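Working notes, structure below.
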2 protein chains.
Amino acid sequence: MKLLAVGSVAFDSIRTPRGYAERVLGGSATYFSLAASYFAPSRVVGVVGEDFSAEHERILCDRGVCTRGIERAPGKSFFWEGEYESNPNIRHTLKTELNVFETFSPKLPHDYRDSSYLFLGNIDPVLQCQVCDQLPESRFVAGDTMNYWISSKPEQVREFLSRLDLLIVNDGEALQLTGETNLNLAARAIIQMGPNAVVIKRGEHGASLYSIPLKVASAAEAATAVTESVQDRLDYFAVPAYPLEDVFDPTGAGDSFAGGLMGYIAQQDAVSPATLRRAVVYGSVMGSFACERFGIERLRELSNEEVRRRYEEFAAFTSFEE
Amino acid sequence: MKLLAVGSVAFDSIRTPRGYAERVLGGSATYFSLAASYFAPSRVVGVVGEDFSAEHERILCDRGVCTRGIERAPGKSFFWEGEYESNPNIRHTLKTELNVFETFSPKLPHDYRDSSYLFLGNIDPVLQCQVCDQLPESRFVAGDTMNYWISSKPEQVREFLSRLDLLIVNDGEALQLTGETNLNLAARAIIQMGPNAVVIKRGEHGASLYSIPLKVASAAEAATAVTESVQDRLDYFAVPAYPLEDVFDPTGAGDSFAGGLMGYIAQQDAVSPATLRRAVVYGSVMGSFACERFGIERLRELSNEEVRRRYEEFAAFTSFEE
């Protein structure tokens, strides 16, 4: 089924203890669509500047990504420069230049409106809502946000959350968004804000999925399920991270996670609890691959066989019942 | 099979956002043996002062723990006072009084020498080694250590590690012990120091088990397995934490984890890879229960049925294959 990603297509300069990559193709929609491409082709809506060449576009097209929704604007593309310490959890942003992104207003090509599955990468929540308005028929909407929007546009983030089926955030953002200190309570609070499900990414510790059980997912019953403070009324699933010994470059791991997750859902054309669980595992698979080389390098060169094998590794290292 | 725990039997004063518990029974060997008691009775070797009453002893005896190895000494028992912030990961030690523990020298009752399974709680590594010397025939030795010993007695900790089959540590200690910033590399480095296996406790993020595959566990092959930097030569298993919404008091969670783990191994009288995996899950079960009330309260009152049900919950929230 049709999968649409809206987000940034950007250039990143990345320094890690392993080296330096200068102005390489990045951005949330880029990582997302490359990761998703191993499951289902996706369409990208974003904006780039004159520095986005045919060669850059080919990277996406070669993986079956539709780039017709990428708008060209005069000037330069969004640019981010950052540095990771030897502990890859510690990242310093050295430079952020919005450039053409500053006036970005997502416009969906008319024939993109049959997209059943939508991912809203981490952009201004006002724009995220505008995209939702243009896709009233979508079947399943997932989105991401970040600390910057949570603190600068809290009302708009709340409005955005009310449009989502699934929020995908990292642990720090989940706590910031809800004011909780416990991730499980934070998940419950997020579900009270609108989405039927939330995935909390825990970096090197894995990811958790909290969702309203399908059987109570009608609006009225859902409200009961989340206000009753009964723990087992939320369906819980958790998966540890792949045990990477060398986190070469974590840039884009979160968007690659989202791409694997949504790509699998679009491929299966299903949002059952069992599909969501496996989608979280495929998200973890793609997030782990993203960390193995600079930028998008690893995501360009994978084989379906490698993806499948890593999924099987997850099944093997998490099982304990005979 | 016979399970022996050596460690502290102590009193704790604990302040959390939920209240204050004054001079309640605690200590690593106490938590360990109570948690283990749901699987196999254990014997405790430790030292207490005159403040350890018959009533305190009864708490252990009621759960089938053999207290004959607990030495009485003039003076007061080990005492710890601490405070947790609303984020229970942040703990402040307000007072530590070694008291009778200062001159503790573990002496095993003669009839304890048939203990097949041994757990060495977090005490001076010199004493931990002395216990190993007294139990040359033990089948499986697990142990714990902490930041204090790692920095003050690094040589003795290394000697201790060389005696272990399994080290159980938390994530911060694993990094400190090895100087690594990556937990997977830290686990490999620990196995190079001696143990065939290491469990890294990640608090609210779960626990991981790294071990030398049985098929290469002869001494010569083991050395090859750990020096070759091939990731899949170590068997890896990970389990997420139980999604507690209210961490009432995390004191003793780590020792309760060790108790569930070793209790299950002693009950099964097996150290196969499959047994070790399930033991890590039972450790996680007991660690989660320990956090639900002050001190040892929850560990005293559980039923075998509650333990079994929580284990089944772990199986349910970690499975994703149909």
- Inside region A:268-322, counting only helices (runs of 4 or more DSSP H) that do not spill past its ends, which hold 1 or more residues that are among the aliphatic types (A, V, I, L, M) and over 19 Å from the mean Cα position of the chain (by Cα)? A:273-290, A:304-318
- Message: Out of A:Leu244, A:Leu234, I need the residue that is out of contact with any Asp or Glu (no Cβ under 8 Å at 6 or more places or on another chain) and within 11 Å of chain B (Cβ to nearest Cβ). Which one?
- Response: A:Leu234
- Flag for B:Ala29 being in a helix (DSSP H, G or I) and touching a strand residue (DSSP E or B) at 6+ places or on another chain (Cβ under 9 Å): yes
- Scan region B:124-140 residue by residue and report those that are farther than 14 Å from B:Pro106 by Cβ and not in a loop (DSSP other than H, G, I, E, B). B:Phe140
- Message: Suppose we filter region A:139-179 for residues that are free of Cβ contacts under 8 Å to residues at least 24 places away in the same chain and buried (at least 17 other Cβ atoms within 10 Å of the Cβ); how many remain?
- Response: 2
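Which residue out of A:Ile191, A:Ile150, A:Ile200 is among the hydrophobic types (A, V, I, L, M, F, W, C), touching a strand residue (DSSP E or B) at 6+ places or on another chain (Cβ under 7 Å) and either assigned to a helix (DSSP H, G or I) or at pLDDT below 95 (or both)?
A:Ile191
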- Query: Can you name the condition, by its number, that A:Arg43 falls short on among (1) out of contact with any Phe, Trp or Tyr (no Cβ under 8 Å at 6 or more places or on another chain); (2) in a strand (DSSP E or B); (3) over 24 Å from A:Thr96 (Cα atoms)?
  - Reply: (1)
- Of all residues in region A:254-283 being among the small types (Gly, Ala, Ser) and surrounded by fewer than 24 Cβ atoms within 10 Å (Cβ to Cβ), the one that is farthest from the other protein chains (Cβ to nearest Cβ): A:Ala270
- Residues A:Phe52, A:Phe39: which one is under 27 Å from A:Val247 (Cα atoms), surrounded by 20 or more Cβ atoms within 10 Å (Cβ to Cβ), of a type in the set (Phe, Trp, Tyr) and in contact (Cβ under 8 Å) with a residue 12 or more places away in the chain? A:Phe39
- Query: Does region A:172-179 include one or more residues that are more than 16 Å from the chain's Cα centre (by Cα), more than 14 Å from chain B (Cβ to nearest Cβ) and within 22 Å of A:Tyr264 (Cβ to Cβ)?
  - Reply: no
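If a residue has to be of a type outside the set (A, V, I, L, M, F, W, C), touching a helix residue (DSSP H, G or I) at 6+ places or on another chain (Cβ under 8 Å) and under 26 Å from B:Asp269 (Cβ atoms) to count, how many in region B:117-137 make the cut? Talk me through it step by step, then tell me what you get.
From region B:117-137, those of a type outside the set (A, V, I, L, M, F, W, C) are B:117, B:121-122, B:124-125, B:128, B:130, B:133-134, B:136-137; that's our starting set.
Filter once more, keeping what is touching a helix residue (DSSP H, G or I) at 6+ places or on another chain (Cβ under 8 Å): B:117, B:121-122, B:124-125, B:128.
Still in the running and under 26 Å from B:Asp269 (Cβ atoms): B:117, B:121-122, B:128.
Summing the residues that are of a type outside the set (A, V, I, L, M, F, W, C), touching a helix residue (DSSP H, G or I) at 6+ places or on another chain (Cβ under 8 Å) and under 26 Å from B:Asp269 (Cβ atoms) in region B:117-137 gives 4.
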- Item | Close pairs (8 angstrom Cβ cut-off, 6 or more residues apart or separate chains): free of Cβ contacts under 8 Å to residues at least 24 places away in the same chain and within 25 Å of B:Phe79 (Cα to Cα) in region B:96-115, part of a loop (DSSP other than H, G, I, E, B) and among the basic types (Lys, Arg) anywhere | B:Glu97/B:Lys76
- Message: Can you report the number of residues in region A:284-298 which are acidic (Asp, Glu) and either within 14 Å of another protein chain (Cβ to nearest Cβ) or in contact with a Pro (Cβ under 7 Å, 6 or more places away or on another chain) (or both)?
- Response: 1
- A:Gly19 over 17 Å from A:Glu102 (Cα atoms) and either at pLDDT below 95 or of a type in the set (A, V, I, L, M) (or both): yes
- Item | region B:69-107, residues that are assigned to a loop (DSSP other than H, G, I, E, B), within 22 Å of the chain's Cα centre (by Cα) and within 14 Å of chain A (Cβ to nearest Cβ) | B:Pro88, B:Asn89, B:Ile90
- Query: Of all the residues that make up region A:187-203, how many are among the hydrophobic types (A, V, I, L, M, F, W, C), surrounded by fewer than 23 Cβ atoms within 10 Å (Cβ to Cβ) and within 14 Å of another protein chain (Cβ to nearest Cβ)?
  - Reply: 2
- Hey, B:Ala54 farther than 19 Å from B:Met146 by Cβ and modelled with pLDDT of 95 or more or not: yes
- Within region A:109-123, track down each residue that is out of contact with any Gly (no Cβ under 6 Å at 6 or more places or on another chain), in a loop (DSSP other than H, G, I, E, B) and either surrounded by fewer than 19 Cβ atoms within 10 Å (Cβ to Cβ) or aromatic (Phe, Trp, Tyr) (or both). A:Arg113, A:Asp114, A:Ser116
- Message: List pairs: first residue in region B:309-322 and at the interface with chain A (Cβ under 8 Å from one of its Cβ atoms) and of a type in the set (Gly, Ala, Ser), second residue surrounded by fewer than 13 Cβ atoms within 10 Å (Cβ to Cβ) and outside any helix (DSSP H, G or I) anywhere in the structure, Cβ distance under 7 angstrom, at least six positions apart or on different chains.
- Response: none
- What pairs come up if the first residue lies in region B:68-80 and is at positive phi, the second is of a type in the set (Gly, Ala, Ser) and surrounded by 14 or more Cβ atoms within 10 Å (Cβ to Cβ), and their beta carbons are under 6 Å apart, counting only those six or more places apart or on different chains? B:Gly75/B:Gly49
- Query: For the subset of region A:299-308 comprising residues that are surrounded by fewer than 22 Cβ atoms within 10 Å (Cβ to Cβ) and touching a helix residue (DSSP H, G or I) at 6+ places or on another chain (Cβ under 8 Å), which member is farthest from the other protein chains (Cβ to nearest Cβ)?
  - Reply: A:Arg300
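The values are calculated or read from the model by the stated rules, or taken from the named source; none is laboratory data. If you're wondering where the values come from, they're calculated on a predicted model, not measured in any experiment. So basically every Cβ, Gly included, is an ideal-geometry build from the backbone, and we count neighbours across all protein chains shown.
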